[in-house]
Every structure is written in C-alpha cells, then in structure tokens.
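K.L.:
Following this message is one structure expressed as structure tokens.
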Amino acid sequence: MMRYVRLFGVQLRASTLTLLQYRLDFATEGVLEVFWAITALIPLLVIFGERSSVAGWSFGEALLVTGWFTLLQAILEGAINPSLASVVDHIRTGTLDFVLLKPADAQFLVSTARFQPWRATNVLTAAVVFGFAFHELGRAPSPWGVGAALLLLGSSTLLLYSLWILSVSAAFYVVKVDNLTHLFSSIFDAARWPSSVFRGLLAYLFTFVIPLALMTTYPALALLGKLSPLALVAALAGSVTFALVSRLVWLRALGKYTSASS
Amino acid sequence: MISVRDLCKHYRVHRRPPGLRAAARSIFRRPHVTVRAVDGVSFEVSPGERVGFLGPNGAGKTTTLKVLSGLLHPTSGEVRVAGHEPRRRDEAFLKQITLVMGQKQQLLWDLPPAETFELNRAIYGVGRDDFRRTMDELGDFLELGDLPFKPTRQLSLGERMKCELAAALVHRPRVLFLDEPTIGLDVSMQAAVRSFVKRYNEHSGATIVLTSHYMHDVAALCPRVVVIDRGRLSYDGGLEALVRRMRPERRLVLHLERPVDRVDLEKLGKVVALERAEAVLQVHQEVLQSTVSRALATLPVRDLTVENAPLEEVMSELFSRSRADLAAAEQAP
Amino acid sequence: MRLAGTLRALPVMLRVGFADAVAYRAELLVWVLSTTMPLIMLALWSAVARDGPLGRFGQAEFTAYFLATFIVRQVTGSWISWQMNYEIRRGTLSMRLLRPVHPLVAYGVESLGVLPLRVVVSLPVAAIVLAVVGSGMLPRGPGMWALCGAALAGSWLLTFLVSFGIGSLAFYLESSVKVMEVWLALFFVFSGYLVPIELFPPALRTVADALPFRYQIGLPVELLTSAHGWPEALALVGRQWLFVAGAAGAALLVWNGGLKRFAAFGG
C-alpha cells in the first residue's frame, strides 16, 4: 500500500516536470478552458432572460448545477482524461506492453501516468459561478449541505473515473478508437443541466446507466438542502458499485489483450 | 531457467478482400482466418546462457518472446521461466525479467531518461544504494556520460537505445529478453549493443534470450541458436554446427595475378564467382587441404583466403528448405 | 494534365474513401455518438417550452429544429483539421505531396467518402422527426428544396474549407488544434447549434448574421424547417456562398504559404 502512495508521488512529480517543459501550453490551455466554460453559459443566460424557472429550477439553482459541472469537468480534464487518453495511444503503438511488464497494477500505472493541472483553471471558474449562484439565491448553503456536497464530489469523481475506465476498456476490443475523449466529453455535457430537464427514456439513461444526474444535480440539491439522506447513501453506494464493475471490465479487457494480440 | 514444452499460440485475424461490395458487406460480417503464430515449440535454457532466436519475419520469434515474458497467454503448452508461469504475471516473476524491444521504447518522451530510471526504481522497489551502484555500473558499461540528463526526444536513435537498455536493467533482472535490439542502428552502435549484452551476461550471469534477423547479432552473441520458422522449431544447437551442417563446403577466395580460364578453375571445385583475376570456389571441407595445395601449385595465386559460406545464404537456404519440408508434410495424406 | 488525371482518379478515390470509412466503423460510431449536443439541447429547450412556447418555438418546433441540427451536423461535420495536424507533425504529409493530386482534393474526397454512411445514420432520425412532428414544417415546392440543397452543399464546403485552412495553420504554429477549438467554441454559440438564432437578443443576432458560423449549421436547418420566405432565403444562401468563396481563398492562401515553409524546413 505504501508503495502505491510513493509511486503516486513519483508519477505526479514526472507530470509536473513535463508541465514545466511546456509552459506556454499551460497558459493557453488554461485560458481556453475558461473560454469554453463561459460559452456554455450562454444558453442559460438566454433562457433565463425570458423565463424565471425551467423544469422546476430557478436561475440561481440551475447555476449551481452548471457550477458543479464546471468543477467536475476541470477534474476530468486535469486528472482523468490525460492519463486514460494515453492508454489508447499505448495500445496502438504497442508500448502498453511495457506497462504490463511492470510489477505494479496496470490500472494504477495508466491512471496516474499524466496529470495536466493547468486544465484545472476551471476550478476557479466554478468557484465564481457558485458565488454568483448564491448571490442570486440570496442565501448561503448550510454546513450539512456543504458536507454532503463534498462527499458527493468524491463519489462523482470516482464515478467519472470508473466511466472512463469502462470507455478505455472498449479500446481493447476495437482497433482504432481515436476520439474516445471527444465522445466521453460529449456525453458528459448532458450533466450541465438539471436532470429534471430529461424525461422518459433519457431520464432513465442518465440516472442509472450513465449516472450523470448523480454527478451534478445531486450535489446541487445537497447545497440547496434538498437532498434526502437516503438519496445521498444511494449515490455513494452507486459510485462504489460502478467502480467495482469498471475494475472487473478492465481486468477482462486486459485479459483479452494478452490472449489475442501480437 | 526457461522451460518450454509444446507451446502453441493461435489467433484469429480478420480478412477483408478489396472491392466495394466486399467493403459494404464487411459492415455486417467479416470473415476470419486462424493464424498459427507458434505451433508446437519446445526447448530449455539454462541459467546464464545466451540463446538467439533466428527466423524470417513472421516466423513466431517475437510471439514466443512475448509468451515467455507473460505478455501473451499461450493457446496451449507448458511454459516456465525462473520458476514461474509467465502468464500469471506474479510480482516476483516480473521483478526477475526485463524486455527490450528494438522498435518501441519505455523511456518517457518529454523527460530525460534519468526520470524513467527513477520511476523504474520506485516501481521495482530498488533500494537507493543498490540503485546508485547499478546506475554507475551501467553508465560505465554503456558509456552513457550525461545522456540520461537530456530529454529523450533530443537523443539520437542509438543514444536512446543505450538509455533504454539502462532503464530496462535498473532492477538487475535475472532474465533479459531482447527483441530485435539492433534494428535501425548504425554499424558501430550495433557493435556497441552487442558487446554490452555480452559483457553484462558475463558480469551478472543473467540469462539472455535474443531475437533478431540480423545474423551478425546472433553470430557475435549467441553460442546457441534456436531457429524458428512458420511457428515451428527447425534447429536447436550451436551456430557453428548449424553452418557446417547446412553448408559443409568452405569458400576459397583466390586473388590471381592474371585472368585464368573458367575450365581450369572448375577442375578444382565449383566456381561460385569469377571476375577477371578474382575467383571464389566452393569446396567440401574434406578436400579443402588438397584443393588448396593444388591451387597454389597450378594457378598463379597472389592471395588466398578460406571462408565459411555467408550466414545469410545459409539461413535463407535453411528457411526455404524447412518451408519445403513443411509444404511436403502438409500435402502428404 | 493534372486536372484530367485527378478527374480520372476520382471514382477510385471515392470508392477507397468509402471502404476506408467502413473499415473504421467503430470510429464512425464514435463520431455519430459524439454528436450529442443537439439532443441535449433539445431536451433542455423542450423543458423550457413545457411552460409555453418561446417566440414561435413550441415543443414541436424545437424537436424539428434540433433533430434537423443533428442531421446537418452529421452530414457536414469535418475532422480534417485534426488529421492535418497529425500528418504535418508526423511528416506523413510529405507522402500526400508526392501524389499528383492536390491534397485539398484528396482530403475532400476522403471527407466525401464518409457521406453515404452518415446519410444512412441520419435517415432514422429524419424518420423520427417526420413521425413526431409531421411534415408541416418541411419546405414547400421544388424551388425551396433546391435552395435547401444549395445551403447544405454550401454548409459542407464552408465547414470543410475552414477545417482545411485551420489545419494548414499547423505549418506555422506547432499545433493549430487550439485554434480549431476556439473556432468550435464560437461556432457552438453563433451558429444556432446551442440556441436558435431567432431567440438571440437583437444585438447578438446582428453579430451572428455577420459571422460565418451561422451559415455552417443555422442556415440549412432554418431552411429545412421553413423558417424563411423566398426573398430572405435567397439572400441568406447568397451570403453563404460568398463566405464559401472567401473561405476557399483564405484556405488556399494559408495552405500555399504554409507549404513553402514546410518545404523550407524539410518537413
């Protein structure tokens, strides 16, 4: 266990050194991320220019969901995407073999291979959005709300990570899946809006199959004091289950790689 | 150290014929073919040995190596390396082996090789003192100088290969697998890699398994060769013995003072090449002595050398012969 | 000579382009599935319209609009700028330059190769729109349909040429992928992809009319859903093709300049 903690440190150090190599990228990527976050707010501004509530959510409340989305996206782009996107490259160029030869868990090694902290500038954007949202709402969140929201932040990150592992496992089965990051981000975009926007089949899809609702709507509800303890427990349990399932799928995919490739 | 019995590795490959209709049909259904990459190979390797796998492209050498290192699961057969079953990829097993691939690298691209060494040190759990000692030794053997401190992408192919070797040996493995390590390198770098591998083997007693289709790699490094062709083992033993068995003839290269008639040369042996005042004769080992005396006596010889047949020729004949055998066997009822 | 040769090679190139597209069907699936934005927007705007229509947009209108957006995006989307970045960085662009076909044409043909499959994917979506919304919003008369065709073609060309131009920037910058991302961000906002142009506040609307993005997606969608009368439609299509011509000129300019640099530095 200690070994993995130390390994994590070593990997993080390697990423930071790489970061310092590409300082210009650091700056431009950060700015670009903020730019994207702002453009995505425009539909909200247009809608709430005309209406005062959508699917039961007011402007301030909807902003909370978008804020959580921005925060999670920053974590996704900064910590999860870079490493796992490289797995697809590894598979294609055959350098995954080197990962498999190391006496450490392959999933851990590939997941911690690369961090891009400059993409996390949207953590700041999220903070601004939160600030604005609470200004609109005219009140601050309760301590219990904040606590529950932080717990959900952890479980949402775990959920995002697990979904990513599932997507990357797909790359083992299909020869060329270049745009995995793009696909993932596109589907994740649905988490930008409160989940009650979706009806019927989509609602079912986004709650149970790809639980986007859990990731952004629940934390927003927690901050608003509207999340029941039962829902909180269900969300946490759901994330853990997902993590276990994705681990199994990863192991299976790895097994296929070693049995059929050359 | 290594024990392989009846190793088989088959896998399915999709085939797609050209043409528009086939392309459209392939949206729904793709025919596949079973490729027998390795088809019943058996051999044993003792600790500290240096063994070369020889064979044409697609023979199954790399596949065998990947099975030995645990990267591929065999379809059938028994494999044991360093007392472990490679497919299980036990931590203890992985710490005892290393694989160096000529066309791929494990060095981190954007950072200096030293960072990869550090990473490997952490992953393999090598103590600081051991690490220092190992890296000093490797730096010396490989003449690394300050190469490990320049970003990998700034190094030339040969320099990268040297650092790659160092990175692979951080944990002092007992078994070293090398897959085409000299491919793409210039002549002097090839020689440097070969002499390093030999020195490392002699110094540390590590078992070396090398695949190459450069005959000179194998000739320089491996007293024992295993020839694999079409997934089957066609020879296992010493290289010298192989050459002598395949081509019991020696080559006599004659530099003459003046041009001589072909007829006169043919009296001595089979003329392989003749160009003005230079001739190459193929002569059986047993009559070599007498032929040399006769040549010196009857011909205006200025200079004379005795050689073996070129390795490449021997090998291509071995492969074509084994292919013919295989084809005959496949056609027999 | 070059033109004749290119024309002769065209059928084979198209066929190979199609076969290529089929070989990478997983990739195609990924691209199709990645076009989620119109569907997500549809859900969002429908939710807004639950309480009453926004302008002339009720739930039915939003459905037609965004599903049409999905179809148009499928049929006109281009990945060329990323591919060019990749090829220029790897140096494999040199191989294209050795062939007697202008790379612009080669990329164009490859892009056309995926059209059949993308159209096939779009058909069920079109069927859904007709089933759910009815054919009331479809264009009337062959003239209007011809105009729609022109708008779609213009849309495809504009998107392709912009992609090609930005891809060519990779000759100058280390990577023009970020430039493409900036373009995409602006495209999302000003093309009617996220918000129908009609629903923009008036100031923003004038800005959107002057920018090229609207003509990449917004125009064909609007024509397909009968948002404009004849005179307006003609004017808009005319403006679109002006943008196409401008894009062609700019793209070739960037390409030619970039090629000189590429040759100077040895690729």
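K.L.:
What pairs can you find where one residue is in the stretch A:125-142 and more than 12 Å from A:Val65 (Cα to Cα), the other is of a type outside the set (A, V, I, L, M, F, W, C) and surrounded by 16 or more Cβ atoms within 10 Å (Cβ to Cβ), and their Cβ atoms are less than 6 Å apart, with a gap of 6+ or different chains?
P.N.:
Note: pairs meeting the criteria are A:Thr125/A:Thr70; A:Glu136/A:Gly60; A:Leu137/A:Gly60.
K.L.:
When A:Val88 is evaluated against the numbered criteria (1) β-branched (Val, Ile, Thr); (2) touching a residue at least 60 places away in the same chain (Cβ under 8 Å); (3) surrounded by fewer than 16 Cβ atoms within 10 Å (Cβ to Cβ), which criterion, by number, is the only one it fails?
P.N.:
(3)
K.L.:
With the condition being more than 9 Å from chain A (Cβ to nearest Cβ) and in contact (Cβ under 8 Å) with a residue 24 or more places away in the chain, I'd like the helices (runs of 4 or more DSSP H) fully within the stretch B:57-136 carrying at least 1 qualifying residues. Don't jump to the end; show me each part of the working.
P.N.:
Values: elements: B:61-68, B:91-94, B:113-124.
In the stretch B:57-136, B:61-68, B:113-124 are the helices (runs of 4 or more DSSP H) which contain 1 or more residues that are more than 9 Å from chain A (Cβ to nearest Cβ) and in contact (Cβ under 8 Å) with a residue 24 or more places away in the chain.
K.L.:
Right, something else. Kindly check whether there is at least one residue in the stretch B:80-92 that is surrounded by fewer than 21 Cβ atoms within 10 Å (Cβ to Cβ) and either of a type in the set (Ser, Thr, Tyr) or closer than 17 Å to B:Leu165 by Cα (or both).
P.N.:
In the first step, residues of the stretch B:80-92 are kept if they are surrounded by fewer than 21 Cβ atoms within 10 Å (Cβ to Cβ); the result is B:80, B:82-85, B:87-92.
Those left that are additionally either of a type in the set (Ser, Thr, Tyr) or closer than 17 Å to B:Leu165 by Cα (or both): none.
No, the stretch B:80-92 contains no residue that is surrounded by fewer than 21 Cβ atoms within 10 Å (Cβ to Cβ) and either of a type in the set (Ser, Thr, Tyr) or closer than 17 Å to B:Leu165 by Cα (or both).
K.L.:
Across the stretch A:53-84, what is the number of residues that are surrounded by fewer than 20 Cβ atoms within 10 Å (Cβ to Cβ), modelled with pLDDT under 85 and touching a helix residue (DSSP H, G or I) at 6+ places or on another chain (Cβ under 7 Å)?
P.N.:
Result for the stretch A:53-84: 2.
K.L.:
A follow-up question, please. Would you pick out the residues in the stretch C:131-147 that are assigned to a helix (DSSP H, G or I), over 23 Å from the mean Cα position of the chain (by Cα) and not aliphatic (A, V, I, L, M)?
P.N.:
Result: C:Gly141, C:Pro142.
K.L.:
Another question about this same structure. Which condition number does B:Ala167 fail, the rest of (1) part of a helix (DSSP H, G or I); (2) more than 14 Å from every other protein chain (Cβ to nearest Cβ); (3) within 24 Å of B:Cys222 (Cβ to Cβ); (4) not aromatic (Phe, Trp, Tyr) being met?
P.N.:
So the condition that B:Ala167 fails would be (2).
K.L.:
Of everything in the stretch A:206-262, what is among the polar types (S, T, N, Q) and within 14 Å of chain B (Cβ to nearest Cβ)? Give them in sequence order. Walk me through it before giving the result.
P.N.:
Going residue by residue through the stretch A:206-262, those that are among the polar types (S, T, N, Q) are A:207, A:216-217, A:228, A:239, A:241, A:246, A:258-259, A:261-262.
Once the filter is applied, which keeps residues that are among the polar types (S, T, N, Q) and within 14 Å of chain B (Cβ to nearest Cβ), the stretch A:206-262 yields A:Thr258, A:Ser259, A:Ser261, A:Ser262.
K.L.:
Continuing with this model, one more query. Quick one: which helices (runs of 4 or more DSSP H) lie wholly within the stretch A:56-168 and hold at least 1 residues that are among the aromatic types (Phe, Trp, Tyr) and over 30 Å from B:Val67 (Cβ atoms)? Steps first, answer last, please.
P.N.:
Numbers: elements: A:59-75, A:81-93, A:96-101, A:106-111, A:122-137.
In the stretch A:56-168, A:59-75, A:122-137 are the helices (runs of 4 or more DSSP H) which contain 1 or more residues that are among the aromatic types (Phe, Trp, Tyr) and over 30 Å from B:Val67 (Cβ atoms).
K.L.:
If you don't mind, there's one more thing I want to ask. State all residues of the stretch C:75-97 that are farther than 16 Å from C:Phe164 by Cα and modelled with pLDDT of 90 or more; if no residue qualifies, say none.
P.N.:
The answer is C:Val75, and nothing else.
K.L.:
Just to verify a result, which residue in the stretch C:55-73, among those that are closer than 23 Å to C:Pro201 by Cβ and of a type in the set (Phe, Trp, Tyr), is surrounded by the fewest Cβ atoms within 10 Å (Cβ to Cβ)?
P.N.:
C:Phe57
K.L.:
Enumerate the pairs (first residue in the stretch A:2-18 and closer than 13 Å to A:Ser111 by Cα and more than 8 Å from chain B (Cβ to nearest Cβ); second residue anywhere and surrounded by 14 or more Cβ atoms within 10 Å (Cβ to Cβ) and not basic (Lys, Arg)) with beta-carbon separation below 6 Å, excluding pairs fewer than 6 apart on the same chain, so at least 6 apart or on different chains.
P.N.:
A:Phe8/A:Thr112; A:Ser15/A:Phe115
K.L.:
From the list B:Glu143, B:Glu159, which one is surrounded by 16 or more Cβ atoms within 10 Å (Cβ to Cβ) and over 22 Å from A:Leu101 (Cβ atoms)? Outline the logic, then answer.
P.N.:
Values: B:Glu143 fails: surrounded by 16 or more Cβ atoms within 10 Å (Cβ to Cβ).
Answer to the selection: B:Glu159.
K.L.:
For B:Val263, work out the one condition from (1) surrounded by fewer than 12 Cβ atoms within 10 Å (Cβ to Cβ); (2) in a helix (DSSP H, G or I); (3) within 34 Å of the chain's Cα centre (by Cα) it doesn't fulfil.
P.N.:
Condition (3) is where B:Val263 drops out.
Listed here are the residues, each with its yes/no results for (1) surrounded by fewer than 21 Cβ atoms within 10 Å (Cβ to Cβ); (2) free of Cβ contacts under 8 Å to residues at least 40 places away in the same chain; (3) not charged (D, E, K, R).
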| position | (1), (2), (3) |
| --- | --- |
| C:Ser191 | no, yes, yes |
| C:Leu194 | no, no, yes |
| C:Leu211 | yes, yes, yes |
| C:Leu219 | no, no, yes |
| C:Leu242 | yes, yes, yes |
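K.L.:
Restrict the check to the stretch C:23-34 and report whether at least one residue is among the β-branched types (Val, Ile, Thr) and within 11 Å of chain B (Cβ to nearest Cβ). Please lay out each step first, then the result.
P.N.:
Within the stretch C:23-34, the first condition is being among the β-branched types (Val, Ile, Thr), and the residues that meet it are C:30, C:32.
When the remaining residues are screened for being within 11 Å of chain B (Cβ to nearest Cβ), the result is none.
No, the conditions are met nowhere in the stretch C:23-34.
K.L.:
Then there is this: I'd like the full set of residues that are away from chain B (no Cβ under 14 Å) and free of Cβ contacts under 8 Å to residues at least 60 places away in the same chain, limited to the stretch C:2-22. If you could, list the steps in order and put the result at the bottom.
P.N.:
Within the stretch C:2-22, the first condition is being away from chain B (no Cβ under 14 Å), and the residues that meet it are C:2-10.
The answer is C:Leu3, C:Ala4, C:Leu7, C:Arg8.
K.L.:
Here is a check on your reading of the model: is A:Gly49 within 12 Å of chain C (Cβ to nearest Cβ), surrounded by fewer than 19 Cβ atoms within 10 Å (Cβ to Cβ) and not β-branched (Val, Ile, Thr)? Steps first, please.
P.N.:
Numbers: within 12 Å of chain C (Cβ to nearest Cβ): yes; surrounded by fewer than 19 Cβ atoms within 10 Å (Cβ to Cβ): yes; not β-branched (Val, Ile, Thr): yes.
Yes; evaluated as a whole, the condition is true for this residue.
K.L.:
Take the conditions over 30 Å from B:Leu107 (Cβ atoms) and of a type outside the set (S, T, N, Q) and apply them to A:Phe130. Does it pass?
P.N.:
Criteria met by A:Phe130.
K.L.:
Here is a further query. Scan the helices (runs of 4 or more DSSP H) fully inside the stretch A:185-262 and keep the ones with 2 or more residues being in contact with a Lys or Arg (Cβ under 9 Å, 6 or more places away or on another chain) and either β-branched (Val, Ile, Thr) or farther than 19 Å from A:Ala106 by Cα (or both). Steps first, please.
P.N.:
Details: elements: A:200-204, A:212-223, A:229-260.
It comes to A:212-223.
K.L.:
From the residues in the stretch C:171-192 that are outside any helix (DSSP H, G or I) and facing chain A (nearest Cβ under 10 Å), which one is farthest from A:Trp36 (Cα to Cα)? Reasoning before the result, please.
P.N.:
Looking only at the stretch C:171-192, we keep the residues that are outside any helix (DSSP H, G or I), and these are C:172-176, C:191-192.
With the extra rule that they be facing chain A (nearest Cβ under 10 Å), the set shrinks to C:174-175.
Working: C:Glu174: 22, C:Ser175: 19 Å.
So the residue we want is C:Glu174.
K.L.:
Within the stretch A:126-143, is there a residue that is within 14 Å of chain B (Cβ to nearest Cβ), farther than 30 Å from A:Thr39 by Cβ, out of contact with any Cys (no Cβ under 7 Å at 6 or more places or on another chain) and among the polar types (S, T, N, Q)? Write out each step before concluding.
P.N.:
Let us first name the residues in the stretch A:126-143 that are within 14 Å of chain B (Cβ to nearest Cβ), namely none.
The answer is no, given that none of the residues of the stretch A:126-143 is within 14 Å of chain B (Cβ to nearest Cβ), farther than 30 Å from A:Thr39 by Cβ, out of contact with any Cys (no Cβ under 7 Å at 6 or more places or on another chain) and among the polar types (S, T, N, Q).
K.L.:
Identify all residues within the stretch C:24-43 that are touching a helix residue (DSSP H, G or I) at 6+ places or on another chain (Cβ under 7 Å) and more than 23 Å from A:Leu201 (Cα to Cα); write none if there are none. Let's see the steps before the verdict.
P.N.:
Taking the stretch C:24-43 first, the residues touching a helix residue (DSSP H, G or I) at 6+ places or on another chain (Cβ under 7 Å) are C:28, C:30, C:32-43.
If the condition is that a residue be touching a helix residue (DSSP H, G or I) at 6+ places or on another chain (Cβ under 7 Å) and more than 23 Å from A:Leu201 (Cα to Cα), then C:Leu28 is the only one that fits.
K.L.:
Can you find, within the stretch B:246-260, the residue that is surrounded by the fewest Cβ atoms within 10 Å (Cβ to Cβ) among those that are assigned to a strand (DSSP E or B) and of a type outside the set (Lys, Arg)?
P.N.:
Here is the first cut: in the stretch B:246-260, the ones assigned to a strand (DSSP E or B) are B:249-256.
From what's left, of a type outside the set (Lys, Arg): B:249, B:252-256.
Numbers: B:Glu249: 20, B:Leu252: 22, B:Val253: 15, B:Leu254: 23, B:His255: 12, B:Leu256: 18.
Result: B:His255.
K.L.:
Whether any residue in the stretch B:237-245 is in a helix (DSSP H, G or I) and more than 26 Å from B:Arg199 (Cα to Cα) is what I want to check. Break it down stepwise before answering.
P.N.:
So in the stretch B:237-245, the residues in a helix (DSSP H, G or I) come out as B:239-245.
Cutting the leftovers down to more than 26 Å from B:Arg199 (Cα to Cα) gives us B:244-245.
So far as the stretch B:237-245 goes, yes, one or more of its residues are in a helix (DSSP H, G or I) and more than 26 Å from B:Arg199 (Cα to Cα).
The values are calculated or read from the model by the stated rules, or taken from the named source; none is laboratory data. None of the values given here were measured: they were computed from a predicted structure. Note that we place each Cβ from the backbone using ideal geometry, even for glycine, and neighbour counts take in every protein chain shown.
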